[in-house]
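In what follows, a structure is listed as structure tokens, so that the remarks can point back to it.
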Amino acid sequence: MKTYKVVLIIFLVLLIDQAVKLWVKTHMVMGEEIMVANWCRLHFTENAGMAFGMMLPGIWGKLMLSLFRTAAVVGGIWYLGTLIKSKAHWGFITACAMIVAGAIGNMIDGAFYGLIFTDSFGRVAEVFPKGGGYAGFLQGHVVDMLWFPLMHGYFPNWLPFWGGEYFEFFRPVFNIADAAITSGVCIILVFNKAFFPEVSDNIADSKASVDTQQNYVSIQADGLA
């Protein structure tokens with residue numbers, strides 16, 4: 001796969017991700033919701049943590065996460081370069097590019113959004129405010145907005161632990177970057193045999209060898225019986 005195609009994939013994911021985030025940040029108030037359909041909503045929220053709203057507590061947790069994202073992006077870009085040079089399967093390179101693009105998208109939020117925006121509580125955020133943004137470098141929050149409550153209801157009363165409690169699927173609010181990361185991982189999991197045929201063949205050969213040895217032992221045991 002050509003390098004420019006990988007760069008194009010990363011660029012398109014980042015373009016869509018940041019365009020949606022910037023629109024939400026400059027047009028919506030925290031907690032505001034736009035109903036696209038019963039199962040699809042734009043719900044503006046922010047989180048200081050990982051994908052799908054998961055969080056690490058405290059300032060040090062945020063700094064650790066930001067540094068981890070930076071290291072992951074650098075490592076991911078290096079790994080993509082090795083995949084391109086080794087002419088790996090184009091599908092695997094595409095999936096890895098999506099993961100790297102998603103990591104870069106959320107890293108941009110955490111690194112710079114606190115510097116260039118005011119907070120969004122009770123007001124639409126101001127861009128490049130005179131008094132500075134709502135947080136320092138690497139202390140910004142990730143903008144989330146995609147919510148797909150496909151199913152909701154109550155667990156049956158006879159169910160242990162959760163009986164009678166309200167449930168909703170899919171509950172987490174996420175963004176395009178999260179979706180790119182998750183999609184990339186799912187592609188790798190689903191098509192891993194196509195991406196790594198030699199590994200699958202080696203596993204199959206090893207299994208066949210073990211089966212042959214087991215059959216041989218069984219025959220020898222029957223002869224000794």
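Between GLY110, GLY140, GLY133, GLY91, the distinction of being at pLDDT 95 or above and closer than 30 Å to GLY184 by Cα belongs to GLY91 only.
Just checking, which of ILE9, ILE59 is β-branched (Val, Ile, Thr) and at pLDDT 90 or above? Explain how you work it out, then say what you get.
On the way: ILE59 fails: at pLDDT 90 or above.
Unique residue meeting the criteria: ILE9.
Report yes if GLY133 is over 18 Å from the mean Cα position of the chain (by Cα) and surrounded by 12 or more Cβ atoms within 10 Å (Cβ to Cβ), otherwise no.
Working: over 18 Å from the mean Cα position of the chain (by Cα): yes; surrounded by 12 or more Cβ atoms within 10 Å (Cβ to Cβ): yes.
Spelling it out, GLY133 is indeed over 18 Å from the mean Cα position of the chain (by Cα) and surrounded by 12 or more Cβ atoms within 10 Å (Cβ to Cβ).
The condition (being assigned to a helix (DSSP H, G or I) and surrounded by 16 or more Cβ atoms within 10 Å (Cβ to Cβ)) is satisfied by just one residue among THR82, THR70: THR70. Residues in the stretch 32-51 that are modelled with pLDDT of 95 or more and assigned to a loop (DSSP other than H, G, I, E, B): GLU32 alone. When the stretch 160-187 is filtered for residues that are at pLDDT below 90 and open to solvent by less than 50 Å² (accessible area, probe 1.4 Å), the ones remaining, listed by number, are GLY163, GLY164, GLU168, PRO172.
The values are calculated or read from the model by the stated rules, or taken from the named source; none is laboratory data. Note that the structure is predicted; figures quoted are calculated from it, not measured. Don't worry about glycine lacking a Cβ; one is built from the backbone with ideal geometry, like all the others, and counts go over all protein chains shown. Only protein heavy atoms, including side chains, enter the accessible area calculation; ligands, DNA and RNA are left aside. Shrake-Rupley method; radii C 1.70, N 1.55, O 1.52, S 1.80 Å.
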